[in-house]
Amino acid sequence: MAVLYKRVYEALRRGILDGTYPVGTKLPSEAELSRTFSVSAITVKRAFELLRSDGLIVRRPRLGTFVTSSTPAPQRTGGDSAAGTPLIGMVLTNFDDTFGTHVIEGMMAAAGTDAHLIVTRSMGDVDQEDEHIRSLIDAGVAGLVLLPSSSEYIPPAALELVTQQFPIVILDRIFEGIPVSAVCSDNLGGARNATEHLLKLGHRTVGFVSSASHVSTSDDRRNGYVHAHATFHIPLENSAELRTLASTIPGSTTDKEADIEALTAFVRDHPAITGYLAAEYNIALLLREACRRIGLAVPDDISIVCFDHPEAHFDDGLFRFTHVRQQQRQLGRTAIERVQAQIHDRRQVEKVVLPTELIEGDSTAPPRAD
């Protein structure tokens, strides 16, 4: 598959050099070239990227692609990557101080002066993800980091890149059965340790609350919650799970008040639950507010452990939850390092799982004695 874009590139390059496409000529459209060579639009874009690296063409928005020179620039080094500083694209769902901002910091640190980065946000919209990927390829990126909105659906543009062995790394997600590099945290182990922390404190009925998002991250956290119960030989109460929250999903139109009301009803209807594992920090905040509304205090009445937490070094008054800390900066650094490795050798496909750490805060305590 990797030969396809080279075939298109070499045919067009030959046409430019022999005068078939003189300087100033508009090249056939991507759709026309796709039909001519029986390849995908992504393949044509990749060929255009190489022609741009040669200094032979330029793309003019809404007008097309034009030949600008019949004299190639000096040959590229390091495979197909352009000589000089490579451009790496990033498509994220969203980012804030809880998760994402420090990942970007890690990416910037890893790139340093060796690469330029372009960051885009999809806000969880799968169509936007696909469009951002195609736009970045059109801009001539040499590699891509993708944080998908779903683990059940991989954008067609990304799948095409994978089949072409284009340098791409999936961040914070796992696509089973697809030969693509991925960098994520040990979410299963982190959730297991968090749940075991509550069980060791004496909580015997532990709840699990998460968003309705269909991502491997959330599934792994739920599986860690299940494994901890098995380790302690404690029967799992399926009714102790609420996995329908929506306000924390990027791009959601659900108001947080709707989730607080759902949590309030859930906590009220499940008085036996004395400890909760919240899959996200923002869900922990909603849960704490739900408890407050029915007269329950954290951690006196209800204990909560969550994933991630804003650092807020200068906010001494911030309520700090017991939480699972991810190595966010290392996630970012590793993602960029894996992309750079693939730019030099496209066979370097690797899945990296980073360990997590349980940080004790003010939100957990032994359950009240009856």
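The values are calculated or read from the model by the stated rules, or taken from the named source; none is laboratory data. Not measured: the values here are computed from a predicted model. So basically every Cβ, Gly included, is an ideal-geometry build from the backbone, and we count neighbours across all protein chains shown.
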Notebook entry, point to check: What do you reckon, is G177 touching a Phe, Trp or Tyr at 6+ places or on another chain (Cβ under 9 Å) and either within 17 Å of E129 (Cα to Cα) or surrounded by fewer than 24 Cβ atoms within 10 Å (Cβ to Cβ) (or both)?
Noted result: no
Item checked: Scan of region 84-129 for residues that are charged (D, E, K, R), farther than 18 Å from S213 by Cβ and part of a helix (DSSP H, G or I), ordered by number -> E105
Check: Out of curiosity, is T364 over 18 Å from the mean Cα position of the chain (by Cα) and among the polar types (S, T, N, Q)?
Finding: yes
Margin query: Anything in region 277-332 that is surrounded by fewer than 16 Cβ atoms within 10 Å (Cβ to Cβ), of a type outside the set (D, E, K, R) and more than 20 Å from S247 (Cβ to Cβ)? List them, or say none.
Written below: G295, A297, A312, H313, F314, G317, L318
Check: How many residues are surrounded by 20 or more Cβ atoms within 10 Å (Cβ to Cβ), of a type in the set (A, V, I, L, M, F, W, C) and over 24 Å from P155 (Cβ atoms) if we restrict to region 5-55?
Finding: 4
Notebook entry, point to check: What strands (runs of 3 or more DSSP E), lying completely within region 137-253, carry at least 1 residues that are of a type outside the set (D, E, K, R), within 30 Å of V58 (Cα to Cα) and modelled with pLDDT of 95 or more?
Noted result: 143-146, 168-171
Margin query: Cβ contacts < 8 Å: first residue within 8 Å of V67 (Cβ to Cβ), restricted to region 17-36; second residue modelled with pLDDT of 90 or more and assigned to a helix (DSSP H, G or I), any location; separation 6+ or different chain. Result?
Written below: Y21/L12; Y21/G15; L27/L12; L27/L33
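Each row is one residue, and each column tells you yes or no for (1) within 30 Å of T85 (Cα to Cα); (2) in a helix (DSSP H, G or I); (3) free of Cβ contacts under 8 Å to residues at least 12 places away in the same chain.
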site	(1), (2), (3)
A272	no, no, no
Q330	yes, yes, no
T334	yes, yes, no
Q340	yes, yes, no
R347	yes, no, no
Margin query: Just to confirm my filter: which helices (runs of 4 or more DSSP H) fall fully inside region 1-60 and include at least 2 residues that are within 20 Å of L87 (Cβ to Cβ)?
Written below: 2-17, 41-53
Margin query: Pairs needed: first member in region 40-53, more than 17 Å from S135 (Cβ to Cβ); second member anywhere, of a type in the set (D, E); C-beta distance under 7 Å; at least 6 residues apart or different chains.
Written below: L50/D80
Note to self: Restricting to region 320-370, count the residues that are farther than 28 Å from S181 by Cα and out of contact with any Gly (no Cβ under 6 Å at 6 or more places or on another chain).
What the structure shows: 10
Next item on the list: Consider only pairs whose beta carbons are under 6 Å apart and that are at least six residues apart or on different chains; among these, list those whose first residue lies in region 150-169 and is farther than 17 Å from D127 by Cβ and whose second residue is among the hydroxyl-bearing types (S, T, Y) and buried (at least 18 other Cβ atoms within 10 Å of the Cβ).
Entry: S151/S216; V169/S181
